[in-house]
Amino acid sequence: MSNRVVNLLVPIISIFLGLLVGAIVMLLSGYDPIQGYIALWEGIFGDAYAIGETIRQISPYILAGLAVAFAFRTGLFNIGVEGQLIVGWFAAAYVGAAVELPKIIHLPLALLAAAAAGAIWGLIPGILKAKLHVHEVIVTIMMNYIALHVVNALIKAVSDGGYKTETIHKTASLRSEFLSNLTDFSTLHYGILVALAMVVVMWFILEKTKTGYELKSVGFNAHASQYAGMNVSKNIVLSMVISGVFAGLGGAMEALGTFGYMASRGGFTGIGFDGIAVALLGANTPLGVIFGASLFGSLKYGAGNMPNAAGVPVEIVSIVIALIIFFVASGYIIRVILSRMSKKKEAK
């Protein structure tokens with residue numbers, strides 16, 4: 001059995017096992033797993049509105065997954081995607097509301113502001129890692145909390161003591177009347193196109209450019225890369241900056257598409273942390289991130305239908321997601337089992 005087939009089977013088996021064990025958990029908790037999963041399915045694909053909302057939910061997950069996956073592919077663990085997404089959300093919302101320009105200028109400007117904010121928030125741990133060898137996991141975790149409280153303070157400052165920014169102008173909005181009407185007036189917007197475009201951008205950078213080759217090389221072996229004449233410090237910083245760009249754009253999806261503003265938050269959005277699971281499930285590949293984000297976005301939105309339709313609490317879906325992550329993380333065991341099964345077939 002080839003490595004490509006094994007890489008494809010591991011997440012599929014993990015999803016199946018997660019759903020299976022999730023069904024057992026529901027059964028042991030006194031809920032009907034069949035009704036629960038039917039309600040989940042209907043919450044995702046039940047009608048045009050549900051499909052639109054599901055796709056809308058997927059958009060920021062794709063970008064959060066890309067942010068984590070890009071850092072992983074270059075040898076870094078960016079746990080600060082949540083903070084980078086939050087600052088990107090604020091930057092997009094502020095630029096979208098503070099000025100009014102023609103749409104052809106205003107929308108790209110708001111997206112660039114989100115990307116720049118995420119990049120700056122990724123630059124700091126990148127420099128600390130490259131110059132002072134401070135582990136990026138520690139710095140990015142702390143940067144998440146700094147982002148949350150700094151943005152809350154900024155929201156209060158720009159709104160004269162209020163709890164949310166002004167609503168963005170239509171010229172900066174990703175909202176689409178066409179997509180909304182097509183999906184029975186859902187909040188589906190053009191953000192999904194931005195997210196898919198960034199999938200292509202990540203693939204192109206990593207697979208088709210000299211910079212991408214150097215980034216991956218430094219990730220595999222920094223000492224060998226330095227011996228070959230590559231600037232290791234520069235590539236570490238660049239990797240975190242590009243990862244931050246993806247995360248910041250994830251925040252723009254919420255600012256310019258879903259909500260149209262940003263309100264003070266008492267806690268994290270969770271999207272950035274879920275991006276770790278999305279990247280893990282997608283094997284840190286651009287195409288895999290699409291599938292991972294589709295699964296997580298669908299489960300997150302569809303879970304809202306379970307309490308009303310089947311009486312199953314939404315926490316059950318969190319358990320299912322956790323189980324899927326557990327089985328993906330246990331991929332080595334699944335690989336060993338598949339390898340032994342393949343050898344037995346060849347022996348026969």
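The values are calculated or read from the model by the stated rules, or taken from the named source; none is laboratory data. Everything numeric in this text was worked out from a predicted model, so none of it was measured. Heads up, the Cβs are rebuilt from the backbone with ideal geometry, glycines too, and the neighbour counts pull from every protein chain shown. Remember, those area values only see protein heavy atoms, side chains included, never the ligands or the DNA or RNA. Shrake-Rupley method; radii C 1.70, N 1.55, O 1.52, S 1.80 Å.
Taken residue by residue, segment 269-279 has at least one member that is under 30 Å from ILE168 (Cβ atoms), open to solvent by 30 Å² or more (accessible area, probe 1.4 Å), among the aromatic types (Phe, Trp, Tyr) and under 15 Å from the mean Cα position of the chain (by Cα).
Annotation: THR209 fulfils all but one of (1) out of contact with any Phe, Trp or Tyr (no Cβ under 7 Å at 6 or more places or on another chain); (2) β-branched (Val, Ile, Thr); (3) crowded, with 21+ Cβ neighbours inside 10 Å; the unmet one is (3). Comparison of ILE124, ILE155 shows that the only residue that is within 27 Å of MET240 (Cβ to Cβ), surrounded by 15 or more Cβ atoms within 10 Å (Cβ to Cβ), touching a strand residue (DSSP E or B) at 6+ places or on another chain (Cβ under 9 Å) and of a type outside the set (Gly, Ala, Ser) is ILE155. Selection over segment 67-104 of residues that are touching a residue at least 60 places away in the same chain (Cβ under 8 Å), more than 21 Å from PHE259 (Cβ to Cβ) and either assigned to a helix (DSSP H, G or I) or hydrophobic (A, V, I, L, M, F, W, C) (or both) gives a count of 9.
Is it the case that some residue within segment 2-14 is hydroxyl-bearing (Ser, Thr, Tyr) and either free of Cβ contacts under 8 Å to residues at least 60 places away in the same chain or assigned to a helix (DSSP H, G or I) (or both)? Scanning segment 2-14, I find at least one residue that is hydroxyl-bearing (Ser, Thr, Tyr) and either free of Cβ contacts under 8 Å to residues at least 60 places away in the same chain or assigned to a helix (DSSP H, G or I) (or both), so the answer is yes.
In segment 289-311, the residues that are at pLDDT below 85 form Cβ pairs under 8 Å with partners that are crowded, with 22+ Cβ neighbours inside 10 Å and not aliphatic (A, V, I, L, M), at six or more places apart or across chains, as follows: ALA309/GLY43; ALA310/GLY36. Within segment 272-320, being under 22 Å from ALA69 (Cβ atoms) and in contact with a Leu (Cβ under 6 Å, 6 or more places away or on another chain) holds for GLY272, VAL289, GLY292.
Scanning segment 218-267 for residues that are of a type in the set (Ser, Thr, Tyr), more than 30 Å from ALA97 (Cα to Cα) and surrounded by fewer than 19 Cβ atoms within 10 Å (Cβ to Cβ) yields TYR227, SER233.
Looking at TYR61, is it surrounded by fewer than 21 Cβ atoms within 10 Å (Cβ to Cβ) and out of contact with any Cys (no Cβ under 9 Å at 6 or more places or on another chain)? In short, no.
Taking the conditions (1) open to solvent by 50 Å² or more (accessible area, probe 1.4 Å); (2) among the aromatic types (Phe, Trp, Tyr); (3) in contact with a Phe, Trp or Tyr (Cβ under 9 Å, 6 or more places away or on another chain) in turn, TYR31 satisfies each one other than (3).
Take the conditions (1) free of Cβ contacts under 8 Å to residues at least 24 places away in the same chain; (2) of a type in the set (A, V, I, L, M); (3) within 29 Å of GLN35 (Cα to Cα); ILE321 misses just one of them, which is (1). Restricted to segment 179-205, and to residues there that are among the hydrophobic types (A, V, I, L, M, F, W, C) and more than 18 Å from the chain's Cα centre (by Cα), the residue that is surrounded by the most Cβ atoms within 10 Å (Cβ to Cβ) is LEU179. Scanning segment 156-208 for residues that are more than 19 Å from GLY88 (Cβ to Cβ), charged (D, E, K, R) and not in a helix (DSSP H, G or I) yields a count of 2. Among all residues of segment 318-326, there is at least one that is buried (at least 17 other Cβ atoms within 10 Å of the Cβ) and out of contact with any Gly (no Cβ under 7 Å at 6 or more places or on another chain). Within segment 116-128, is even one residue within 21 Å of SER159 (Cα to Cα) and either in contact (Cβ under 8 Å) with a residue 12 or more places away in the chain or more than 18 Å from the chain's Cα centre (by Cα) (or both)? Yes, because at least one residue in segment 116-128 is within 21 Å of SER159 (Cα to Cα) and either in contact (Cβ under 8 Å) with a residue 12 or more places away in the chain or more than 18 Å from the chain's Cα centre (by Cα) (or both).
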